[in-house]
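Nothing in this text is a laboratory measurement; each read-out follows from the coordinates by a stated rule. The shown structure was predicted, so the numbers you read here are calculated from the model rather than taken from an experiment. Virtual Cβ from ideal backbone geometry, glycine too; neighbours counted across all protein chains shown.
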Amino acid sequence: MRTVFSFIFILIALFSNGEEIDRSVVKFIQGNNSFSINKEIDSVVLIKEPFAIDYFCREYSEKDKKFYAAQIAVLSSYDDVKDLHAGQSLESIAYFEPGTGMAPDESNRYESIFITNDGHNYLYYYNEKDRRVDVISRHDNFMEFEWPVSKFYINDVDVTIRDIKFDVLYFVILINDNLNSTVDPGELKVVKVILK
């Protein structure tokens with residue numbers, strides 16, 4: 001019996017690299033640099049070049065009415081993020097109210113990231129044909145996704161990252177894991193992105 005347990009332990013050790021996956025971590029990836037955001041309020045410095053946002057979320061399921069998605073609002077003013085807190089109703093946050101997901105382009109993807117305090121980028125994965133993000137990896141009942149960012153959309157104009165006039169933007173990342181209408185602890189990150 002001891003031999004069986006030893007064998008099982010060895011198999012587990014071989015097939016898991018010993019790392020526990022922290023699904024609450026969001027990463028900003030730029031070139032060979034990866035910046036892990038694991039606090040609810042954090043900051044990152046990026047150069048004005050394309051980057052990507054990696055995060056964990058469950059798969060979107062119309063059949064089961066489980067509409068898992070990342071909602072990402074990008075704002076230019078600290079005033080729009082300073083009062084956010086756990087326990088807050090989504091209806092009380094102007095850019096996360098129901099119906100404020102911004103429409104993507106004709107490919108159903110966001111070629112540009114919206115900068116607005118009236119809505120958010122609604123990122124989901126249903127299948128390879130119906131998705132707004134790329135799949136990085138799969139882990140049991142959740143997935144790791146990546147959203148590449150190369151342009152911004154502000155005041156009805158597409159602007160490349162190099163040409164953006166902002167030096168600071170606030171990314172509010174909501175992954176409502178239990179699909180309720182409330183910001184629960186660990187579901188929201190506010191990231192001050194300093195653009196150099």
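Of Gly87, Gly186, Gly119, the residue with the greatest mean-square motion in the GNM of the chain, using alpha carbon springs below 10 Å, is Gly87. GNM remark for the chain: springs join alpha carbons under 10 Å apart, and the peak mean-square fluctuation among Ile72, Ile113, Ile93 falls on Ile93.
Each residue, Phe166 and Ser34, gets one label point 7 Å from its Cα in the Cβ direction; the gap between the two is 2.6 nm. GluC sites (Glu not before Pro), restricted to the range 77-124: which are DSSP loop and have at most 10 other Cβ atoms within 10 Å? Passing sites in the range 77-124 are Glu106. Enter the angle in degrees (range 0 to 90, nearest 10) between the Cα long axis of helix 2-15 and the first principal axis of the Cα atoms of the chain, meaning the one along which they spread out most. With both axes taken from Cα atoms, the answer is about 30 degrees.
Here Lys27 is the anchor, and the lysines within straight C-alpha reach of less than 26 Å, apart from those fewer than 8 places off in the same chain, are Lys39, Lys48, Lys66, Lys82, Lys129, Lys151, Lys165, Lys189, Lys192, Lys196.
Computed extension length for Phe67-Asp184: 40.4 nm, one decimal, from 0.36 nm per residue of separation with the Cα-Cα distance subtracted.
Can you tell me which of Asp184, Asp79, Asp163 moves the most in a GNM of the chain? Springs connect C-alpha atoms under 10 Å apart. Ranking Asp184, Asp79, Asp163 by mean-square fluctuation puts Asp79 first. Simple rule: put +1 on each Lys or Arg Cβ and -1 on each Asp or Glu Cβ in the chain, find the dipole, and look at Asn32, Ile53, Tyr122; the Cα lying farthest toward the positive end is Asn32.
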